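Right, one structure below, let's go through it.
Every read-out reported here was derived from the displayed coordinates using simple, explicitly stated rules and does not represent laboratory data. This structure is a prediction, so every number in the text was calculated from the model and none was measured. Every residue, glycine among them, receives a Cβ derived from its backbone with ideal geometry; neighbour counts consider all protein chains shown.
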Amino acid sequence: MEYGILFYVISALWSVAMISNFIVAIRICYAIEERSGRKLLQGGLPGFVNIIPVALNRGVAQDQETQDLRSQMNRRLIIILIGFAMFLFLIWAWDRGAWAV
């Protein structure tokens, strides 16, 4: 397989993994905010997700189930950060010619 195509395939798989992790983190954050008594917009729709204050435990219910959900969300966010670091390393190694033939 040509290395340019391999890079595109790796990039596509990485992006799907990161986006799916972020979507799961957002869904968990909505669940945390619902448990913490966040008010909904008119019509019952949720507003924008406050992912950073929830990750930092600001305005979040302190019961054990909510804190477990927050821990799951923080793990997802850490996975995303590690994924970005690994992708930056991949780009750096690719640019240095580590896979050159």
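Taking the Cα centre of the chain as origin, sum charge times position over the Cβ atoms of Lys and Arg (+1) and Asp and Glu (-1), and report the length of that vector in debye to the nearest 20. Don't skip to the end; give the middle numbers.
Details: 9 positive and 7 negative charges, 49 e Å.
Value, rounded to 20: 240 debye.
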Checklist entry - Quick one: helix 3-35 against the long Cα principal axis of the chain, what's the angle to the nearest 10°, folded into 0 to 90? => result 10 degrees
Next on the checklist: Could you give the length gained by full extension between residue 6 and residue 91, i.e. 0.36 nm per residue of separation minus their alpha carbon distance, to one decimal place?
Outcome noted: 29.3 nm
Checklist entry - Which order do 73, 18 fall in if you start with the one that has the fewest other Cβ atoms within 10 Å? => result 18, 73
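Test of understanding: express the Cα radius of gyration of the range 22-101 as a ratio to 2.2 N^0.38 Å, with N the residue count.
Compared with the compact-globule rule of thumb, the range 22-101 sits at 1.52.
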Checklist outcome for this item: Taking 0.36 nm per residue of separation between residue 78 and residue 63 and subtracting their Cα-Cα distance, the length gained on full extension comes to 3.1 nm
